[in-house]
Structure formats: structure tokens, C-alpha cells
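A short write-up of the structure that comes next.
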Amino acid sequence: MLYLQKGNFQKVVRWMAGAWMSANQATLMGLCCVVLTAFGFYVGLTYSKYHWLLLLVPVSLVLRMAMNALDGMLAREYGTGSVAGELFNEGLDIVGDTICYGCLFFIPNPPNSLLRFSSFWLGWQNMWGCWGKDCRVVFAGMKHFWEGSRIEQSGWVG
């Protein structure tokens with residue numbers, strides 16, 4: 001279902017880049033989104049007064065997905081693509097998912113085992129490709145937006 005929207009998503013993402021962004025800049029911005037996601041997860045789930053940081057997770061996941069799509073499009077458009085760049089991009093995808101969801105294993109007193117299970121499950125899906133990246137982002141983004149927006153749950157952290 002989401003895959004059918006890929007063309008529309010790519011048009012919006014390409015428009016975001018304008019004429020100023022290169023493929024390497026898109027890759028670095030995607031890496032910044034990885035760090036922002038991990039920060040939102042860890043701080044939002046560790047400290048109750050920063051629980052609102054979980055609302056950054058869906059935004060940074062969508063931006064990361066956009067930058068991941070954009071770096072390949074820009075490399076093809078400008079003729080700067082290479083085998084090494086493609087391997088670097090795929091390697092960063094794996095490392096990025098590991099950082100994004102692996103930080104959940106370091107949260108003291110997690111709210112429940114679902115967090116650990118979901119991080120393992122999403123990582124498993126990434127390694128074996130059972131779901132596309134868009135489905136993983138939507139699933140994880142909705143889950144953590146819901147958790148971040150539930151003010152009454154702030155008592156389960158810390």
C-alpha cells in the first residue's frame with residue numbers, strides 16, 4: 001500500500017532538496033536524523049520530564065527515510081553514483097537502524113518488554129527485508145508518537 005505512494009514521496013523529497021543539496025549532504029543529514037532518533041528514544045524514555053522528546057522520533061524517522069531516498073536520486077541525477085557510494089549507503093542503513101533501535105537496549109527500567117521486542121523485531125526485519133523501510137518507519141513512528149503523546153504515562157519512566 002505505502003509502496004504505491006513511492007513516486008509521490010520521491011517528488012516531494014526531490015523538491016525539498018532544491019538545487020543546493022548533493023548526495024553526500026543528503027547522506028550526512030540522514031546520519032544526523034539517526035542521531036536525533038536515538039537521542040529522542042533514549043532521553044525521552046529515560047527521563048520523565050523529557051518524555052515529550054519521543055515526539056521527535058516519528059519526525060526524525062520520516063526525515064531519515066526522505067534523506068535515504070534522496071541521496072540515491074541525487075547521485076543518479078548528477079551522475080555521481082558509484083559502487084562504493086552504494087555500499088556506503090547500504091552500510092549506513094544497517095548501522096543507522098542499529099543505532100536507532102539499539103539504544104533501546106540501554107534504557108534503564110524500560111516501560112515493558114515490548115520496547116525490547118520491537119527493537120529486535122524491527123532490526124530483524126531490516127536484516128532480512130521482510131518489510132520495506134517505509135512500513136518499518138510508519139510502524140515505529142506511529143508507535144512512538146502514541147507513546148510520546150500520552151502524558152499520563154510519564155510516571156513509568158525514572
- Task: Would you point out the residue of region 70-91, among those that are among the hydrophobic types (A, V, I, L, M, F, W, C) and modelled with pLDDT under 85, that is surrounded by the most Cβ atoms within 10 Å (Cβ to Cβ)?
- Result: 88
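Results for (1) touching a residue at least 24 places away in the same chain (Cβ under 8 Å); (2) under 16 Å from residue 16 (Cα atoms); (3) assigned to a helix (DSSP H, G or I), shown as yes or no for each residue.
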site: 30; (1), (2), (3): yes, yes, yes
site: 34; (1), (2), (3): yes, no, yes
site: 41; (1), (2), (3): yes, no, yes
site: 63; (1), (2), (3): yes, yes, yes
site: 80; (1), (2), (3): yes, no, no
site: 89; (1), (2), (3): yes, no, yes
site: 93; (1), (2), (3): yes, no, yes
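The values are calculated or read from the model by the stated rules, or taken from the named source; none is laboratory data. The structure displayed is predicted, hence computed values, not measured ones. Neighbour counts run over all protein chains shown; Cβ positions are idealised from the backbone, glycine included.
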